[in-house]
Structure formats: structure tokens, C-alpha cells
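Heads up: the structure comes next, in C-alpha cells.
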Amino acid sequence: MAMAPPSPPCLLRALPLVASSSSRRLRRRPTTSLLRCSSPSADAASPSGEGGREYEPSFADDFLLAFFRAKMVEEVGWDSEKPGYNGLIEVANRLMVKGKSALETEQSAVRVLRSLFPPLLLVLFKALLAPIANGQLASMMVARATALSCQWLMGPCSVNSVTLSNGKSLSSGVFVEKCKYLEESKCLGVCINTCKLPTQTFFKDYMGVDLYMEPNFEDYSCQFNFGVSPPPLDTDKALKEPCLDICTNARRRKEIGTGSSTDGLQCPQV
């Protein structure tokens with residue numbers, strides 16, 4: 001899907017910060033396809049990464065990173081001095097701080113996602129494509145588009161099959177082997193409020209496609225289930241998870257409190 005070009009000043013400023021990585025290449029196992037419709041193997045989901053693919057961004061990925069970062073900067077009204085992905089994570093953290101509530105942060109993130117697409121494209125997709133075959137065609141389309149265009153943000157991912165509410169299987173899932181955004185942000189709240197919830201809302205409200213995202217906070221993998229409605233917030237297990245072990249704020253709270261680990265410490269930003 002085509003995206004409207006970002007404003008020249010922001011993009012020109014952001015591109016030099018990430019251009020240094022454009023010469024790197026994607027390394028993967030010879031027999032593995034970027035788009036596969038079978039369930040991911042156990043070693044692909046291994047937190048140690050043994051047997052998994054390592055994704056190195058291309059120039060196109062650097063451009064997408066700069067484009068996305070420019071849109072986030074417009075929403076936040078602030079930019080980091082750090083280059084590349086590290087700077088993007090700092091902008092995401094500022095987005096969390098800017099929001100007066102989790103809902104306000106989610107709404108800001110939805111506006112960022114909307115700004116990535118021409119408005120008419122979203123309207124036409126929802127009106128013309130989303131209704132076909134009870135949404136199954138649209139679900140498969142966005143799954144493949146996500147797997148192809150978002151590895152710069154999430155890391156290696158592949159299309160797989162999911163079970164719909166009617167019990168049928170459809171190749172409308174995306175499995176992220178180890179989410180770079182979660183790993184680098186080190187925050188469950190950033191994952192939930194700037195990625196999971198706003199992404200689910202964006203696809204449903206503006207593209208007419210149901211989406212249920214299932215992040216795994218132990219191995220940092222994530223399963224996108226396009227065509228599957230998310231559960232109510234009060235029953236979504238992802239929102240009941242404790243802070244990540246790698247969360248620096250959780251470790252500080254642990255040191256102040258009496259707990260011996262971060263287990264059971266609810267993320268205050270969810």
C-alpha cells in the first residue's frame with residue numbers, strides 16, 4: 001500500500017541518521033521464506049535466537065524508519081538527538097510521557113498510523129475490499145503487507161495460519177520471531193499503549209479488518225491474528241502481565257519495595 005511522503009525537512013533530517021546501515025543485508029536460512037503459511041517452528045520462537053534469522057535493514061527499510069519517525073515526531077512535537085532506531089525508541093517513550101492516560105497515548109499512536117496512509121486509500125480499502133468474503137481477503141492481504149513491510153520495525157516475521165471464530169483456518173496471521181520494538185523499549189506499557197492496542201484499533205476502525213495481537217513477554221515473540229476479534233480489555237491476558245524483567249523502572253521499584261524480583265509488579269503504564 002502506498003504511503004504519502006513525509007514533510008521534506010523531517011525526512012531529510014532523519015535519513016542521515018539511519019543511512020549508515022543501508023549497506024547491511026538480510027541473512028536467513030537457505031530453506032526459509034519470508035512469507036510462509038505454516039506455523040512457526042519452535043526454534044524460530046526461541047528466546048535465544050538459535051536457528052532463527054537475523055534481519056539487517058536495507059536502504060528501503062532505513063527510509064521507512066525515517067518516514068515513521070518523522071510522523072511520530074510530528075505527533076509528539078519533539079525529536080531525539082540519537083540516530084536511527086535508538087532515537088525512534090526515545091520518541092516512543094516521549095509519546096508515553098505526553099499522554100495523560102493510557103487511552104490518550106493509544107489515540108495519539110492511532111493518529112500516527114493514520115498519517116502513514118493517504119486518507120482516500122483507507123476509505124476505499126474499508127469500503128471495497130474489507131467486505132469481500134466476510135473480510136477474509138482483506139485479512140490475508142494486510143497480513144502479507146505487514147510481513148513484507150514491517151520487518152525494519154519488528155524484526156524477522158512470517159505469514160502463518162490462524163483459527164477464525166468459525167473454526168476455519170486462514171493464512172492471515174503474522175508471527176514475529178522476536179519483536180525488536182519490545183526488546184529495545186524494554187517496557188510492557190510501550191508495547192501495549194503504542195503498539196498493540198492502537199494497531200488493533202487502527203485496523204478495525206480505519207481498514208475494516210479485525211486484529212488480535214498476542215505478544216509473548218517471555219521470549220518477545222508476537223502473533224498477529226488478522227480476521228480475529230480481540231477480547232474485551234478486562235479479559236485480555238496481555239494487559240494483566242507484570243513488568244518485564246528487563247524494565248529498568250520495574251527494577252528501581254523492586255529495589256525500593258520488598259520484592260525479590262519483578263514478578264507480580266503490574267506495569268503502572270497499562
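Here's the yes/no breakdown for (1) without any contact (Cβ under 8 Å) to a residue 40 or more places away in the chain; (2) within 27 Å of residue 233 (Cα to Cα); (3) buried (at least 18 other Cβ atoms within 10 Å of the Cβ):
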position: 88; (1), (2), (3): yes, no, yes
position: 112; (1), (2), (3): no, yes, yes
position: 120; (1), (2), (3): yes, no, no
position: 133; (1), (2), (3): yes, no, no
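Restricting attention to region 223-254, the residues that are open to solvent by 50 Å² or more (accessible area, probe 1.4 Å) and at pLDDT below 60 add up to 5. Scanning region 96-146 for residues that are modelled with pLDDT of 95 or more and among the basic types (Lys, Arg) returns 111, 114, 126, 144.
Working only within region 236-245, note down all residues that are part of a loop (DSSP other than H, G, I, E, B) and out of contact with any helix residue (DSSP H, G or I) (no Cβ under 8 Å at 6 or more places or on another chain).
Within region 236-245, the subset part of a loop (DSSP other than H, G, I, E, B) is 236, 241, 243-245.
236, 245, listed by residue number.
When you scan region 175-182, do you find a residue that is among the basic types (Lys, Arg) and farther than 20 Å from residue 108 by Cα, even just one? Checked against the condition, which is being among the basic types (Lys, Arg) and farther than 20 Å from residue 108 by Cα, region 175-182 yields at least one hit.
Note on region 165-204: residues that are in contact with a Ser or Thr (Cβ under 7 Å, 6 or more places away or on another chain) and without any contact (Cβ under 8 Å) to a residue 24 or more places away in the chain amount to 1. The residues on offer are 186, 168, 178, and the sole one that is surrounded by fewer than 20 Cβ atoms within 10 Å (Cβ to Cβ), among the basic types (Lys, Arg) and at negative phi is 168. Failed condition for residue 161, given (1) open to solvent by 20 Å² or more (accessible area, probe 1.4 Å); (2) under 15 Å from residue 199 (Cβ atoms); (3) of a type in the set (S, T, N, Q), with all others met? For residue 161, the exception is condition (2).
The values are calculated or read from the model by the stated rules, or taken from the named source; none is laboratory data. Everything quoted here is computed from the prediction, not taken from an experiment. Backbone-built Cβ (ideal geometry, glycine too); neighbour counts: all protein chains shown. Ligands, DNA and RNA are excluded from the accessible area calculation, which covers all protein heavy atoms including side chains. Shrake-Rupley method; radii C 1.70, N 1.55, O 1.52, S 1.80 Å.
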